[in-house]
Each structure stands twice: as C-alpha cells, then as structure tokens.
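Here the structure is laid out as structure tokens; the discussion comes afterwards.
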Amino acid sequence: MRGRIIVGGREQRIASPRDAIRAGLAFVTEDRKGQSLSLALSVGHNMTLMSLAALGKFLTQGFIRSRDEAVSVREFIERLRIKTPGAATAVGTLSGGNQQKVVLAKCLLVGPRVLLLDEPTRGIDVGAKAEIYALISGLAREGAAIVLASSELPEILAMCDRVLVLCEGRLTAELSRDEATSERIMEAATA
C-alpha cells in the first residue's frame with residue numbers, strides 16, 4: 001500500500017521518528033511497556049524523553065532547563081489526572097491506565113497536529129478508559145486530527161466520526177458515523 005502524508009496542506013517526507021515529530025505527528029503504540037515507556041525511569045523523564053530527543057524542547061546550549069521541564073511535567077500530571085506519588089516515581093510502578101496517560105502526555109508535549117493511536121485503551125480499567133476517551137474527544141474539539149486504530153468495536157463506534165475498514169491490507173469500507181454499525185464493519189473486515 002502506498003500513499004502520501006499531508007499535514008497542514010503540505011506533503012511530508014517521513015524517514016525517521018524525528019521527521020514525524022517535526023511534521024506534527026505523534027504515535028501511541030499498542031505496546032506501551034515494550035515500545036513507549038522506559039519502566040525503570042521516572043514519570044517525568046518518560047514524559048519529556050521525546051521532547052528532549054526530537055525537539056530539544058527543554059534544552060539550552062546542551063543543558064536541560066530542569067525548571068521548565070518540571071513545570072510541564074506537573075501540568076500534564078494534573079491535566080491528565082495521572083495518579084502518581086510524584087514526577088520522580090518510576091513509571092513501572094503505576095497502573096496500566098496511568099502508564100498509558102504518561103505515554104499520551106509524552107506525545108502531547110511535542111504539540112502534535114495529528115495523533116496516531118494504536119489500541120489506546122488496551123489493558124486498562126474502565127475508569128481510565130473513560131478519562132482517555134474524554135481526553136481524545138477534547139483534543140479533537142481543539143483541532144487535533146486523531147487517527148484511532150482499535151480492535152474493539154464499541155470503541156470505534158463511540159469515538160470515530162469516520163471508519164475505514166482494512167482487510168489484508170486493502171481498504172474494504174469507508175463509513176460515516178451514521179453508516180457505521182457493528183454488522184457493516186464486521187462484514188467489511190471479512191470481505
């Protein structure tokens with residue numbers, strides 16, 4: 001499958017994660033423990049890792065501006081209601097839902113225009129799911145484009161304005177919110 005990536009009316013050439021971030025894209029992988037978090041590092045370091053590495057957001061002449069970093073971390077802990085004893089707590093000690101919120105905060109710190117979410121609520125409790133759904137809806141209302149990949153039909157039906165169904169790498173259906181039903185999605189997924 002081939003295609004083009006256009007963000008803000010401009011075609012983007014993406015050859016690395018840094019290119020994607022600079023183009024305004026952020027990606028939340030379905031494997032938060034294996035690919036998104038460094039479990040031994042703190043909540044704060046996990047949140048700012050992408051900003052430091054890709055954008056130098058908290059760097060001045062090679063030195064970390066710790067105060068600015070700490071302010072941003074506190075802001076996102078509060079905004080996303082992350083239940084943690086503090087920013088210095090090892091992220092591996094948090095619940096799955098709070099770990100996922102740290103992953104989302106890490107992506108939001110780079111200010112994406114497009115947020116790609118792959119199974120964003122897998123393995124988290126109902127309360128955390130509701131909070132993450134509210135966050136995603138709020139980001140969409142603020143103008144962010146959200147691309148949500150999910151194997152949970154209720155999640156797709158509740159969260160998506162448009163549903164694209166893929167089967168073996170082929171697009172088999174494009175459905176509006178009004179057209180999307182469990183039956184139509186399953187039919188297209190097995191076409």
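Give the residues of the stretch 177-186 that are in contact (Cβ under 8 Å) with a residue 12 or more places away in the chain and either part of a strand (DSSP E or B) or surrounded by 14 or more Cβ atoms within 10 Å (Cβ to Cβ) (or both), sorted by residue number.
180, 185
Does the stretch 155-176 contain at least one residue that is more than 26 Å from residue 80 (Cα to Cα), surrounded by 12 or more Cβ atoms within 10 Å (Cβ to Cβ), touching a Ser or Thr at 6+ places or on another chain (Cβ under 6 Å) and touching a residue at least 12 places away in the same chain (Cβ under 8 Å)? Quick ask: steps written out before the conclusion?
Step one: of the stretch 155-176, the residues more than 26 Å from residue 80 (Cα to Cα) are 163-176.
Subset that is surrounded by 12 or more Cβ atoms within 10 Å (Cβ to Cβ): 163-167, 172-175.
With touching a Ser or Thr at 6+ places or on another chain (Cβ under 6 Å) added as a condition, the list becomes 165.
Retained after the next criterion (residues that are touching a residue at least 12 places away in the same chain (Cβ under 8 Å)): 165.
Yes, some residue in the stretch 155-176 is more than 26 Å from residue 80 (Cα to Cα), surrounded by 12 or more Cβ atoms within 10 Å (Cβ to Cβ), touching a Ser or Thr at 6+ places or on another chain (Cβ under 6 Å) and touching a residue at least 12 places away in the same chain (Cβ under 8 Å).
Filter the stretch 67-104 for residues that are within 14 Å of residue 133 (Cα to Cα) and of a type in the set (Gly, Ala, Ser) and give the result.
The one that is within 14 Å of residue 133 (Cα to Cα) and of a type in the set (Gly, Ala, Ser): 97.
Taking residue 139 as the residue in question, decide whether it is touching a strand residue (DSSP E or B) at 6+ places or on another chain (Cβ under 8 Å) and at pLDDT 95 or above.
Spelling it out, it is not the case that residue 139 is touching a strand residue (DSSP E or B) at 6+ places or on another chain (Cβ under 8 Å) and at pLDDT 95 or above.
Residue pairs, Cβ under 8 Å, 6 or more apart or interchain, first in the stretch 1-18 and within 17 Å of residue 111 (Cα to Cα) and in contact (Cβ under 8 Å) with a residue 60 or more places away in the chain, second assigned to a strand (DSSP E or B) and among the hydrophobic types (A, V, I, L, M, F, W, C). List them.
Within 8 Å, the pairs are 7/25; 7/114.
Which one of the conditions (1) surrounded by 15 or more Cβ atoms within 10 Å (Cβ to Cβ); (2) within 17 Å of the chain's Cα centre (by Cα) does residue 90 fail to meet, given that it meets all the rest?
So the condition that residue 90 fails would be (2).
Show the residue pairs that are 6+ apart or on different chains and have beta-carbon atoms under 6 Å apart, the first residue being within the stretch 24-43 and among the aromatic types (Phe, Trp, Tyr), the second being surrounded by 16 or more Cβ atoms within 10 Å (Cβ to Cβ).
27/116
The values are calculated or read from the model by the stated rules, or taken from the named source; none is laboratory data. Everything numeric here is computed off the predicted structure, so don't read it as measured data. Counting neighbours? That spans all protein chains shown, and the Cβs are built from the backbone with ideal geometry, glycine included.
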